[in-house]
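Here's the structure, in structure tokens; my notes come after.
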Amino acid sequence: ELQEGIEKSRQRIKEFLVGNGFSGEQISYSAPKIRDTQTENYGSTTKPQYRYIAESTVTTRTDEVDLVKKTMEKSGELVGKGVVLQTQSWDNPIEFLYTSLNDIKPEMIQEATKNARSAAERFAEDSDSKVGKIRNASQGYFSISDRDRNSPDVKLVRVVTNVDYFLVD
């Protein structure tokens, strides 16, 4: 009965995802985790409604962010079909990955270097000096993070660069 329920839920999820534009190749499933509620019921006098609870993770991979967002908005339809959703579980969060860092790296480094020069000029002006040549420069790391926890599809990309200039009196 438990295995049958898992298979029915998987089939309903697959039909939903394919019906919303995903291909079957973009959908994968984890092995189910089975919990025996009677072994977790220490010291309790109430008997759980179900002895076994099964959880399985469904993963989709696509470059189509808008398709994912649109499908997420419709995910309540699955609940209406008897599928229990746990979309923000700590061990299986919804993730949007940024994969085009190499496309923007040169422009970001150029902008960071320009900003470093501007900051050095302000510092030099405040100390009655002029900015000379670069003494030392190093590119730090790039960081990619969600803009906020409610918009995991919007990313902030930062680069840290260190540029030391000679000051000329």
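The values are calculated or read from the model by the stated rules, or taken from the named source; none is laboratory data. Remember, it's a predicted structure, so these values are computed and weren't measured experimentally. Reconstructed Cβ throughout: ideal geometry from the backbone, glycine too, with neighbour counts over all protein chains shown.
Residues being in a loop (DSSP other than H, G, I, E, B) and either under 30 Å from Lys69 (Cα atoms) or under 38 Å from the mean Cα position of the chain (by Cα) (or both): count how many of those fall in the stretch 116-169.
8
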### Filter pass, Gln3 being modelled with pLDDT of 90 or more and either polar (S, T, N, Q) or more than 16 Å from the chain's Cα centre (by Cα) (or both)
no
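Right, Ile6: part of a helix (DSSP H, G or I) and surrounded by 15 or more Cβ atoms within 10 Å (Cβ to Cβ) or not?
Spelling it out, Ile6 is indeed part of a helix (DSSP H, G or I) and surrounded by 15 or more Cβ atoms within 10 Å (Cβ to Cβ).
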#### Entry: Asn102, sole failed condition from (1) assigned to a loop (DSSP other than H, G, I, E, B); (2) free of Cβ contacts under 8 Å to residues at least 60 places away in the same chain
(1)
### Message
Quick check on the stretch 66-100: of everything there that is surrounded by fewer than 13 Cβ atoms within 10 Å (Cβ to Cβ) and under 30 Å from Thr161 (Cβ atoms), which residue is modelled with the lowest pLDDT?
### Response
Glu95
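Can you work out which of the residues in the stretch 15-32 that are outside any helix (DSSP H, G or I) and among the aliphatic types (A, V, I, L, M) is nearest to the chain's Cα centre (by Cα)?
Ranking the qualifying residues of the stretch 15-32, first place goes to Ile27.
A quick yes/no check of all residues on (1) out of contact with any Pro (no Cβ under 6 Å at 6 or more places or on another chain); (2) touching a residue at least 40 places away in the same chain (Cβ under 8 Å); (3) more than 30 Å from Pro32 (Cα to Cα):
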| position | (1), (2), (3) |
| --- | --- |
| Glu73 | yes, no, no |
| Leu85 | yes, no, no |
| Tyr98 | yes, yes, no |
| Met108 | yes, yes, yes |
| Ser127 | yes, yes, yes |
| Lys130 | yes, no, yes |
| Lys133 | yes, no, yes |
| Lys155 | yes, yes, yes |
